[in-house]
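Some notes on the structure that comes next.
The values are calculated or read from the model by the stated rules, or taken from the named source; none is laboratory data. Fair warning: this is a prediction, and the values are worked out from it, not measured in the lab. Cβ sites come from the backbone with ideal geometry, for glycine too, and all protein chains shown count toward neighbours.
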Amino acid sequence: MTEEELARLCDFLYRRTGMSYDEAKRYYVERRVADRMGATGSTSFASYFALLRADVQGEVEQLINAFTVNETYFYREDHQLRCLTNSLLAEVIKTKPYDASVRIWSAPCATGEEPYSIAIWLLENWPQVDAYEVEIIGSDIDTNTLGAAREGVFGSRAMMRLPPDLLERYFVAQGEGQWRIIDELRESIRFTQVNLVDRAETATQGKFDIIFCRNVLIYFDDASRRLAAENLYDRLNPGGFVCLGHSESMSRISPLFEVQRYTDAIVYRKPMGIARV
Amino acid sequence: MPLIRKTPEAKAAPVENLPAAGILQTGSAEERWAAARAAADAPSGARILGEALLHEQDARVREAIFTSLVRIGSETSVDAIVPHLRSDDPNLRTGALDALRAMPKAVTPRVHRLLHDPDPDVRVLACDLARAMPSAQANTLLCETLDTDESANVCGVAVDVLAETGVQECLPALARCAMRFPDDPFLAFSIKLARERIASEGDARRMADRHP
């Protein structure tokens with residue numbers, strides 16, 4: 001790809017997703033574009049870009065899927081899950097009547113390990129799980145991974161942090177190192193396609209008490225990070241929490257949230273006393 | 001299984017579609033927040049947001065105004081934000097700087113003018129904005145600052161940025177700046193560090209060229 005072609009492609013991707021790439025990531029970009037050119041039978045960048053701009057056979061979505069990084073595993077960064085049951089949920093239910101619903105959003109959820117982990121963790125570690133309607137939604141921009149998340153079949157690499165008794169309780173062996181999450185759990189989580197920098201798309205998800213938004217903001221540039229932070233803020237109930245990845249800090253992105261330091265994790269909170277929209 | 005699943009419609013919230021200008025002037029904080037966010041998609045959004053920024057007192061709404069101006073990323077956006085670099089309110093000043101940093105393409109053509117602002121505090125912030133510019137452009141502007149700016153503070157920040165972006169060609173301007181402020185030991189120290197760093201990077205580059 002020439003410098004100009006790379007710039008055009010990066011600009012296109014940025015406008016569609018908020019993901020920011022430049023000359024420094026040329027190898028990463030070229031590899032993915034080459035894959036898509038091969039898959040679409042394009043013989044030049046110009047012909048591929050024309051096909052992309054016309055979104056022939058959903059090529060925009062295919063390209064976005066090729067650019068999103070989807071490797072994850074069960075119980076990743078489990079200190080935040082401990083924080084969820086040791087501290088965050090107690091704060092959330094303080095203001096809720098018994099039997100109320102507690103809404104948790106995993107965005108991006110990739111192939112579903114995170115929302116399923118949250119569900120298993122709650123069932124195992126939150127004594128009040130039966131007292132509230134816990135609604136877990138997993139969202140991602142990548143439709144391929146959402147399909148895999150709905151399918152709920154995982155390889156041994158994704159299960160490396162799960163104790164054997166949990167594996168037995170929540171999964172059914174499929175052979176050849178594959179495990180399928182039990183139907184009851186699979187059917188209790190809703191998966192939706194959402195672009196975190198799209199205000200309208202995020203708004204359709206309703207309000208949440210806790211949002212897990214881990215390891216995605218690092219892929220955005222400053223402008224998209226700010227926008228995503230405001231969208232997350234908008235999606236939270238007053239007093240709701242955002243959990244970011246261990247290398248991410250909301251304080252460097254937006255002053256909207258209060259930093260909350262708990263024993264198990266640092267999280268970010270929408271101030272109380274902000275009216276519900 | 002106590003976990004439940006609901007249909008998307010059960011909790012869906014409508015997207016705000018508000019006549020931004022009026023609400024930004026008279027609405028509640030919550031309405032102004034929503035209107036500021038919606039204004040990024042409105043015709044004349046940057047102008048409307050710029051006017052709102054002049055009187056908005058709520059920090060949260062201001063943040064939404066800044067983000068929408070960044071999202072628009074036009075010259076009008078930059079013009080709406082720049083005057084707030086002179087604000088006495090440190091939160092507003094920082095918010096303005098952060099917003100400008102987030103729109104480097106739109107800001108780059110204005111950095112030269114900001115580096116010649118009569119207010120040295122604005123010139124200090126302009127040096128910081130130059131950090132996000134293409135290095136060659138930033139180096140030219142900052143070397144000019146080292147040669148002409150009367151404020152040691154402004155030159156100090158320019159030196160700080162050049163320590164990151166500078167190349168061999170910047171060394172003479174750094175030396176001249178040290179001579180212009182002979183009684184400022186901190187600036188002399190910063191310049192010494194910057195020169196050493198640029199010189200060592202130049203050596204490393206020459207070595208790499210000889211042994212690819």
So which residues in the range A:103-131 are crowded, with 22+ Cβ neighbours inside 10 Å, facing another protein chain (nearest Cβ under 10 Å) and not in a helix (DSSP H, G or I), if there are any at all?
A:ARG103, A:ILE104
Hits in the range A:232-261 - residues which are of a type in the set (Asp, Glu) and more than 9 Å from chain B (Cβ to nearest Cβ)
A:GLU248, A:GLU258
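Quick grid of which residues meet (1) outside the structural domain of A:THR95 (by TED's automatic domain parsing); (2) modelled with pLDDT of 95 or more:
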residue: A:ILE182; (1), (2): yes, yes
residue: A:VAL194; (1), (2): no, yes
residue: A:ARG199; (1), (2): no, no
residue: A:ARG276; (1), (2): yes, no
Does at least one position in the range A:140-155 carry a residue that is within 12 Å of chain B (Cβ to nearest Cβ) and touching a Pro at 6+ places or on another chain (Cβ under 6 Å)?
no
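Do we have B:PRO120 as within 13 Å of chain A (Cβ to nearest Cβ), out of contact with any Leu (no Cβ under 9 Å at 6 or more places or on another chain) and under 30 Å from B:ALA152 (Cβ atoms) here? Before the answer, list the steps.
Details: within 13 Å of chain A (Cβ to nearest Cβ): no; out of contact with any Leu (no Cβ under 9 Å at 6 or more places or on another chain): yes; under 30 Å from B:ALA152 (Cβ atoms): yes.
No, not satisfied.
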Inspect all residues belonging to the range A:229-236 and state whether any of them is closer than 21 Å to B:GLU31 by Cβ, in a strand (DSSP E or B) and under 17 Å from the mean Cα position of the chain (by Cα).
yes
Is one or more of the residues making up the range A:258-266 among the small types (Gly, Ala, Ser), more than 14 Å from the chain's Cα centre (by Cα) and assigned to a strand (DSSP E or B)?
no
Just to check your reading of the model, which residue among A:GLU30, A:GLU71, A:GLU23 is farther than 21 Å from A:ASP130 by Cα, charged (D, E, K, R), surrounded by 15 or more Cβ atoms within 10 Å (Cβ to Cβ) and modelled with pLDDT under 95?
A:GLU30
For A:ILE266, are the conditions met, namely being aliphatic (A, V, I, L, M) and either free of Cβ contacts under 8 Å to residues at least 12 places away in the same chain or more than 12 Å from every other protein chain (Cβ to nearest Cβ) (or both)?
yes
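Listed residues A:ALA24, A:ALA39; which is outside the structural domain of A:ILE218 (by TED's automatic domain parsing) and farther than 27 Å from A:ALA228 by Cα?
On the way: A:ALA24 fails: farther than 27 Å from A:ALA228 by Cα.
Going through A:ALA24, A:ALA39 in turn, just one is outside the structural domain of A:ILE218 (by TED's automatic domain parsing) and farther than 27 Å from A:ALA228 by Cα: A:ALA39.
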If A:ALA200 passes every condition in (1) outside any strand (DSSP E or B); (2) within 20 Å of A:LEU88 (Cβ to Cβ); (3) within 21 Å of the chain's Cα centre (by Cα) but one, which one does it miss?
(2)
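Condition check ((1) touching a Ser or Thr at 6+ places or on another chain (Cβ under 8 Å); (2) surrounded by fewer than 24 Cβ atoms within 10 Å (Cβ to Cβ); (3) at the interface with chain B (Cβ under 8 Å from one of its Cβ atoms); (4) aliphatic (A, V, I, L, M)) across all residues:
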| residue | (1), (2), (3), (4) |
| --- | --- |
| A:THR192 | yes, yes, yes, no |
| A:ALA203 | no, yes, yes, yes |
| A:ASN215 | yes, yes, no, no |
| A:ASP222 | no, yes, yes, no |
| A:GLU230 | yes, no, yes, no |
